[in-house]
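For reference, the structure discussed in these notes is given below.
The values are calculated or read from the model by the stated rules, or taken from the named source; none is laboratory data. Predicted, not measured: the structure shown is a model, and the values here were computed from it. All Cβ positions, glycine included, derive from the backbone under ideal geometry; neighbour counts span all protein chains shown.
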Amino acid sequence: MRLDPIDISEALRYMCVKGEPDDTVAELLNKYSTLLADSLNARYVYRRVELTFSEDGVRADGLVPALTGSDIRRHLDGCSEAVFLAATLNSDADKLIRRAAAASAAEALVCDSLCSAAIEQVCNKAENEIFFGSEPVYRTWRFSPGYGDLPLSLQHELLGFLNAGRRIGLTVNPSGMLVPTKSVTAVIGISETPREPTSHGCASCNMRGRCIGSRCQSAHQ
């Protein structure tokens, strides 16, 4: 996938920077934006399947185990199908972040934040490509393992379900973290009827107030 220019405003949000960056930060953003544009090769894989609801969770055709937790059940309520998505920047992103960390904490923060903004843009672009040209559908926002009460331990089964290791080089370590680190897995519910808007983001996450993302979002409000 060809990457669009990285959204600098999104990177600044990850950095908890409000307003215009100072000259030093602007210079680092320009430096690493250029380096990332020359080295990244984003890829994604997806699978669209039917859903059924049971007492033990939401079952996706072909995926074992069921999706458990009240949050994912509420997220997919009224959906008859779902798209399971995995997207990643290549391992060069991790290498560049490590090189930046060896230079300084500031460079590490800038590079990491740009990569986070980049993988979010990759997911947006992938979703647009997946649904482009299809009949109008009502769909949910992307819901990832580890968000709300959907277990992070689902990552291993989800990657196997998508054959992501062979197809896009995406794996998971024993603690449930994706490798390369700048990667995302998510489920998007598909409904035949309009859905009531549901809250998402830091405000509705069980980790609200305990991670840097929620603190950054509060700083921008």
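General observations
- V25 falls short on exactly one of the conditions (1) without any contact (Cβ under 8 Å) to a residue 60 or more places away in the chain; (2) farther than 27 Å from L170 by Cβ, and that condition is (1).
- Some residue of the stretch 13-22 being touching a residue at least 12 places away in the same chain (Cβ under 8 Å) and surrounded by fewer than 16 Cβ atoms within 10 Å (Cβ to Cβ): yes
- So T185, is it β-branched (V, I, T) and either over 14 Å from the mean Cα position of the chain (by Cα) or at positive phi (or both): no
Each row is one residue, and each column tells you yes or no for (1) assigned to a helix (DSSP H, G or I); (2) surrounded by 19 or more Cβ atoms within 10 Å (Cβ to Cβ); (3) free of Cβ contacts under 8 Å to residues at least 12 places away in the same chain; (4) over 17 Å from the mean Cα position of the chain (by Cα).
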residue	(1), (2), (3), (4)
V110	yes, yes, no, yes
I119	yes, yes, no, no
I130	yes, no, no, no
R166	yes, no, yes, yes
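- Applying the set (1) without any contact (Cβ under 8 Å) to a residue 60 or more places away in the chain; (2) of a type outside the set (D, E); (3) out of contact with any strand residue (DSSP E or B) (no Cβ under 9 Å at 6 or more places or on another chain) to S70 leaves exactly one unmet item: (1).
- On inspection, R47 does not qualify as farther than 25 Å from T181 by Cβ and either of a type in the set (D, E, K, R) or assigned to a loop (DSSP other than H, G, I, E, B) (or both).
- When the residues of the stretch 35-81 are filtered to those that are under 18 Å from the mean Cα position of the chain (by Cα) and of a type in the set (K, R), the one that is nearest to I119 (Cα to Cα) is R43.
- Candidates S175, S104, filtered to the one that is surrounded by fewer than 18 Cβ atoms within 10 Å (Cβ to Cβ), modelled with pLDDT under 95 and polar (S, T, N, Q): S175
- Selection of the stretch 11-63 for residues being closer than 30 Å to I190 by Cα and of a type in the set (A, V, I, L, M, F, W, C) yields A11, A42, V45, V49, L51, F53, V58, A60, L63.
- Residue within the stretch 57-65 that is within 16 Å of K182 (Cα to Cα) and at pLDDT 95 or above present: no
- Here A186 meets each of (1) surrounded by 21 or more Cβ atoms within 10 Å (Cβ to Cβ); (2) of a type in the set (G, A, S); (3) in contact with a Gly (Cβ under 8 Å, 6 or more places away or on another chain) with one exception, condition (3).
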